[in-house]
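Student: Questions regarding the structure given below will be posed in turn.
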Amino acid sequence: MSVDDDYVPVCDRSDLEAEGRTVVQQDGRAVALFYHEGEVHAVDNRCPHMGFPLAEGTVEEGVLTCHWHHARFELQEGDTFDPWADDVQTFPVAVDDDTVYLDPDPEPTVPPATRWRNRLADGLQENITLVQAKAVIGIDDAADAAEQSDPGTGDGADGFRTPLKTAVDFGTRYRASGWGRGLTSLSYAAELYPALSGRDRRRAMFAGVRAVADAADDEPPRFRQHAFDNRELPADRLKSWFRENCEVRDADGAERTLLTAVETLPPAEVVELLVAAATDHLYMNASHTLDFVNSALATLDHLGWDDHAAAVLASTVPQLTDATRSEELSSWRGPVDVAALCFDAHDDLEELVAAGAGRTWDEPDGFVETLLGDDPEAIVGALRDAIAAGATRRELTDAVARAATRRVAYFATNNEFADWNTVHHTFVYAVAAHELAGRTDATELYRACFDGAVSIYLDRFLNSPRAPVPEAEPGRDPETVRSELLDCFDEQGGVNRAARLVAEHFECGGDPDDLTAVLGRGLLREDADFHTLQNVSAAVRRFDALDDAAERRLALVAGARYLAAHTPTRREHEQTFSIATRLHRGERLHEAE
Ligand code: FES
């Protein structure tokens, strides 16, 4: 017979038959050859699970079993019986006389981008982190390879958008309770993406995908409602129906109304609906409702409104209908009835906005300090005055966010550890309100200023005593400072040191983009929980949104302090990511290979 030119001779058939197996090196890669039931088979010698040499495995009745974790593979095509292990690559072989040939570089039967996208779907479905990591890396690598071979012809199936879209499609379909911590983690990992460098971008998408899979694990799927057939319903009617259904916690009615709005109204009016319902009650779900709505909308910026708004926004409905309402909490009712203060201000909003129409607000000196004070009536009064003086939603949410940032930046470490999340929640609420102000001019958004400011008031003891002002040593090398900051996240108790290093980085003129990239690295090498990811992402987004140098510094001080308080972790997922990276590169993972 004649053997194709692509094939190369690798061993004698008779030797292989006698030994039963052998390993040959081809293009720096080890290939295991087996003689089984009269046939020759060739597979990548590295087990796709964790790299154990498959030549040391057992072959019986057409099944190759790896000896490390006992993953099994159909020997001819390499398909695994055990999805956590992945399929093993096989190589076509030919035998001529007594010589075995193999094709060391076979054309893939499925394009790599498609194969990895399918594997990502498997990894999400089975909640297998190694498969998720390998798929995220494979997708990004395939996108890089496509771009290199044909620059500028990408079809959008890149290392960012494909994992995001695949995980959003999965998370909105397979989690009955809808948009929650998993999808919000994914969204805020995606928001961090531009601030990251190199492989940290893959880590970010892995963290997001992992969170979505974890949140959906063992959850029943979600069945979506349909929009009403009547497409002539006016915006104000849809808005009032939506709020009424949320009010009585009727998720189905709210969802049908919202889907109708998505199909018939411009995006800004749909956002208004959501913001209105998310602020009809106070500080809903301890900040999460408004923040999750914000994260869902941020995700639509990347995926596109037309194709994804219905699925994404419908999944936020349980956040609105099932939420805890803070006016029901004793802390909002006594010793001062701050809930009543908020509701009174809500009632007067139309009047206050009318008074401010056409006016330009100059933020009074000490406005943020007033918001940080211990007089709730003065706080609410200052906000009322601001609206009546023409403060826009952007201006007022920005002021509240600056005050909320201080609560994290000044958090006293002698508090109970859990109280980090008390100030954290207020911070992310305020940041979300400010970001929503970029999407809608809804009057209701002012209500988030009152809620946010009252939450800042309720958190006041957590800044007592306030953390020391970081004393920055000037004239240091920024790279050294960044390296020390990463070291700081390696030890417990580095909260104030992290703040000092951030301040020093600014003091010595380091590039802030390098600093945010290092914060991202410090975050993503950890088993960061939902709140830590949410916090660092909010700090970086806040940093990007600000102009004032001192405020920008404070935003990153807040994020660095929170991160330092929650590190180091076991870094279990970093280990998984590292294994996946090395497997993808074809590196040896096991000494015996
Ligand atoms: S099953 Fe082969 S390395 Fe785990």
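Student: What about D513, is it among the charged types (D, E, K, R) and in a loop (DSSP other than H, G, I, E, B)?
Tutor: No: the conditions fail for D513.
Student: Could you check, for the stretch 111-130, whether at least one of its residues is open to solvent by 60 Å² or more (accessible area, probe 1.4 Å), within 20 Å of Y7 (Cα to Cα) and in a loop (DSSP other than H, G, I, E, B)?
Tutor: No, because not a single residue in the stretch 111-130 is open to solvent by 60 Å² or more (accessible area, probe 1.4 Å), within 20 Å of Y7 (Cα to Cα) and in a loop (DSSP other than H, G, I, E, B).
Student: Failed condition for V88, given (1) within 16 Å of the ligand (Cβ to nearest atom); (2) under 36 Å from the mean Cα position of the chain (by Cα); (3) hydrophobic (A, V, I, L, M, F, W, C); (4) not in a loop (DSSP other than H, G, I, E, B), with all others met?
Tutor: (4)
Student: Would you please name the residue that is farthest from the chain's Cα centre (by Cα), looking only at residues in the stretch 67-78 that are hydrophobic (A, V, I, L, M, F, W, C) and either within 9 Å of the ligand (Cβ to nearest atom) or open to solvent by 10 Å² or more (accessible area, probe 1.4 Å) (or both)?
Tutor: The extreme case among them is W68.
Student: Still on this structure: Can you tell me which residues in the stretch 325-354 are within 18 Å of T289 (Cα to Cα) and exposed (fewer than 14 other Cβ atoms within 10 Å of the Cβ)?
Tutor: Hit for the stretch 325-354 is E328, nothing else.
Student: From the residues in the stretch 401-433 that are β-branched (V, I, T) and in a helix (DSSP H, G or I), which one is most open to solvent (accessible area, probe 1.4 Å)?
Tutor: Selected residue: T422.
Student: Sticking with this one: Could we say that G358 is without any contact (Cβ under 8 Å) to a residue 24 or more places away in the chain, exposed (fewer than 12 other Cβ atoms within 10 Å of the Cβ) and on the phi > 0 side of the Ramachandran plot here?
Tutor: no
Student: Here's a follow-up. I'd like the full set of residues that are open to solvent by 40 Å² or more (accessible area, probe 1.4 Å), of a type in the set (A, V, I, L, M) and closer than 23 Å to P194 by Cβ, limited to the stretch 543-593.
Tutor: Passing the criteria: A545, A549.
Student: While we're here: Looking at F81, is it touching a His at 6+ places or on another chain (Cβ under 6 Å) and open to solvent by 20 Å² or more (accessible area, probe 1.4 Å)?
Tutor: no
Student: Could you check E232 against (1) part of a loop (DSSP other than H, G, I, E, B); (2) open to solvent by less than 50 Å² (accessible area, probe 1.4 Å) and say which number it fails?
Tutor: Tallying (1) part of a loop (DSSP other than H, G, I, E, B); (2) open to solvent by less than 50 Å² (accessible area, probe 1.4 Å), E232 fails exactly one: (2).
Student: When R29 is evaluated against the numbered criteria (1) open to solvent by 40 Å² or more (accessible area, probe 1.4 Å); (2) within 42 Å of the chain's Cα centre (by Cα); (3) more than 14 Å from the ligand (Cβ to nearest atom); (4) modelled with pLDDT of 95 or more, which criterion, by number, is the only one it fails?
Tutor: Condition (4) is where R29 drops out.
Student: Does G178 qualify as being on the phi > 0 side of the Ramachandran plot and open to solvent by less than 10 Å² (accessible area, probe 1.4 Å)?
Tutor: Yes.
Student: Just to be sure, is D105 assigned to a loop (DSSP other than H, G, I, E, B) and loosely packed, with under 13 Cβ neighbours inside 10 Å?
Tutor: yes
Student: Still on this structure, I have one more. Among the residues of the stretch 34-55, what is the count of those that are closer than 20 Å to S14 by Cα and either part of a loop (DSSP other than H, G, I, E, B) or within 15 Å of the ligand (Cβ to nearest atom) (or both)?
Tutor: 4
Student: Now for a separate question. Only one of (1) touching a strand residue (DSSP E or B) at 6+ places or on another chain (Cβ under 8 Å); (2) open to solvent by 20 Å² or more (accessible area, probe 1.4 Å); (3) within 16 Å of the ligand (Cβ to nearest atom) is not met by L64, so which one is it?
Tutor: Condition (2) is where L64 drops out.
Student: Ok, one more. Can you pull out the residues in the stretch 251-272 that are under 9 Å from A235 (Cβ atoms) and touching a Ser or Thr at 6+ places or on another chain (Cβ under 8 Å)?
Tutor: Hit for the stretch 251-272 is E272, nothing else.
The values are calculated or read from the model by the stated rules, or taken from the named source; none is laboratory data. Here the structure is a predicted model, which is why all the values come from computation and not from measurement. Glycine also receives a Cβ, built like all others from the backbone with ideal geometry; neighbour counts cover every protein chain displayed. These area figures cover heavy atoms from the full protein model, side chains too; ligands, DNA and RNA do not enter into them. Shrake-Rupley method; radii C 1.70, N 1.55, O 1.52, S 1.80 Å.
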